[in-house]
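*Asks:* Input: one structure, supplied below.
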Amino acid sequence: MAMNRIQFQKGLSLPGFLEQFGTEAQCEAALEKARWPDGFRCPRCGQAPHYLLSVGSHQTYQCRTCRLQTSLTAGTLFQSTQLALTVWFMAIYLISQAKTNLSALALKRLLGVSYPTAWLMQQKLMQTMVERDALYHLEGHVQIDDAYLGGELTGGKAGRGSENKVPFVAAVSLDQAGHPLYIKMAPVPGFTLKAIADWAQRDLSPGCVVVSDGLACFTAVTAAGCHHQPLVVGGRKPKDLPEFSWINTVLGNLKTSLGGAYHAFDFAKYGFRYLAAFVYRFNRRFHLETLPLHLLLAAVNISPRPLSSLRAAEGAL
């Protein structure tokens, strides 16, 4: 059997990570380079000349032109953090390198922080993944399917009517050889024509060819300028549906990933972030070694996300 080049790629080892980012000074240098790859630029006037000040726990820059003071973390995901950058960088490493999702409880133990701190760090980094992948759309040949997060509650409704089930759309784009390129997963209010039309306009590129089962709502992808090819599944099982082999494989991997990492989470409120973490890693599965730096760059380019905003978020419903 041929070796799977994704599973057996080199990745970034823990000793290798610590060699690059094991000290606060190394993390500050990496954060500065990610934020200002061509050197410091004042966020107000755009000028480069500056002073370095010893203010606060992280480097502070004062623009020589407009006198604005800016800390290294200001305006980034790390703004106002009381944690050392080495702790944040380790969280980025652990979350990005995990084969499956990593629970906040596991992150707490690995980082030596409190559970609320680990939960907040995890949610912030997963929100970064949400917003980063929202910039991209699927193109070409796309398989889609309907799916649900969560299970039935004791004494609650069964099946699709369960109060604990959150509907979401899963999609995978394929290359000309039929191999998977990228995926998208997004919660929807329900499997209605409007919900699918809104999702397609957000996540699909006009002109792509969408293959789905016979669920009527999927015809709405045409509202986004996509071509729709429905295939009636009937009573056939997934193994008898080669047309949907990759979307079924991806959904199977998602189930394994979530089931192996989490006992429970609020599917309705935070489910979109857990989906985004799976999607983010899958879409960068060929770049495991550089994935932490990609996530760092995304965290630098996202504005601060305080606890209140993370708890209030309802995803893309």
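The values are calculated or read from the model by the stated rules, or taken from the named source; none is laboratory data. Source: prediction; values computed, not measured. Quick reminder, even Gly has a Cβ in these numbers, built from the backbone with ideal geometry, and neighbours come from all protein chains shown. Accessible surface is based on the protein model in full, side chains and every heavy atom, while ligands, DNA and RNA are left aside. Shrake-Rupley method; radii C 1.70, N 1.55, O 1.52, S 1.80 Å.
*Asks:* With the crude spin-label approximation of a point 7 Å out along Cα→Cβ, what separation in nm comes out for THR219 versus TYR148?
*Replies:* A separation of 2.5 nm, rounded to one decimal place.
*Asks:* Same structure again: Please state the charge dipole magnitude for the range 11-55, taken about the Cα centre, from unit charges on C-beta atoms (+1 on K and R, -1 on D and E), reported in debye and rounded to the nearest 20. Present the calculation step by step, with values, prior to reporting the outcome.
*Replies:* Details: 4 positive and 5 negative charges, 54 e Å.
Dipole magnitude for the range 11-55 comes out near 260 debye.
*Asks:* When the chain is fully extended, how far beyond the present Cα-Cα distance does VAL232 get from ARG202, taking 0.36 nm per residue of separation?
*Replies:* Roughly 8.2 nm would be gained on extension.
*Asks:* Further, regarding this structure: Taking each pair of distinct Cα atoms in the chain once, what is the resulting Kirkwood hydrodynamic radius in Å?
*Replies:* 21.5 Å
*Asks:* Under unit Cβ charges (Lys, Arg +1; Asp, Glu -1), what dipole magnitude, rounded to 20 debye, does the chain have relative to its Cα centre?
*Replies:* It comes to approximately 480 debye.
*Asks:* In the range 8-152, what percent of the accessible surface is made up of carbon and sulfur (1.4 Å probe, ligands and nucleic acids excluded)? Write down the numbers at each step before the final one.
*Replies:* Values: 3770 of 7140 Å².
C and S atoms contribute 53 percent here.
*Asks:* Which value, in Å² rounded to 10, gives the accessible area of ARG67 with a 1.4 Å probe and all protein chains present?
*Replies:* Roll a 1.4 Å probe over it and ARG67 shows about 130 Å².
*Asks:* Calculate the FRET efficiency for THR192 and THR256 from the Cβ-Cβ distance with a Förster distance of 30 Å, rounded to the nearest 0.05.
*Replies:* With a Förster radius of 30 Å, E is 0.55.
*Asks:* With a Förster radius of 35 Å, plug the Cβ-Cβ distance of GLU19 and THR65 into 1/(1 + (r/R0)^6) and report the FRET value to the nearest 0.05.
*Replies:* 0.40
*Asks:* While we're on this one: As I understand it, the dipole of the chain uses +1 on the Cβ of Lys and Arg and -1 on the Cβ of Asp and Glu, about the Cα centre. Which of ASN283, GLY16, PHE272 lies farthest toward its positive end?
*Replies:* GLY16
*Asks:* Determine how large the accessible area of HIS141 is when every protein chain is in place; take a 1.4 Å probe and give Å² rounded to the nearest 10.
*Replies:* 70 Å²
*Asks:* Equivalent ellipsoid semi-axes for the range 170-309, as square roots of 5 times the alpha carbon gyration tensor eigenvalues: give them largest first, rounded to whole Å.
*Replies:* That gives 27, 19, 17 Å for the three semi-axes.
*Asks:* Further question on the same structure: Could you order ARG305, ARG202 so the one with the most accessible surface comes first? Probe is 1.4 Å.
*Replies:* ARG202, ARG305
*Asks:* Leaving out ligands and nucleic acids, and using a 1.4 Å probe, what accessible area per residue does the chain come to in Å²?
*Replies:* Accessible surface, normalised per residue, equals 51 Å².
*Asks:* Now for a different question. Could you tell me which of the pairs LYS184/LYS237; LYS108/LYS165; LYS124/LYS269 are separated by over 18 angstrom between their Cα atoms in the structure shown?
*Replies:* LYS184/LYS237; LYS108/LYS165
*Asks:* Still on this structure, please answer the following. Sort GLU139, GLU32 from largest to smallest accessible area, using a 1.4 Å probe on the heavy atoms of the protein chains. Numbers along the way, then the final one.
*Replies:* Working: GLU139 120, GLU32 55 Å².
Ranking GLU139, GLU32 by accessible area, largest first, yields GLU139, GLU32.
*Asks:* Would you please classify the overall shape of the range 3-107 from the alpha carbon gyration tensor, given that a ≥ b ≥ c denote the square roots of the eigenvalues, rounded means a/c under 1.5, and beyond that prolate means a/b larger than b/c while oblate covers the rest?
*Replies:* prolate
*Asks:* Please list LEU52, LEU288, LEU105 in order of solvent-accessible area, largest first, computed with a 1.4 Å probe with all protein chains present.
*Replies:* Reading off the accessible areas and sorting them downward yields LEU52, LEU105, LEU288.
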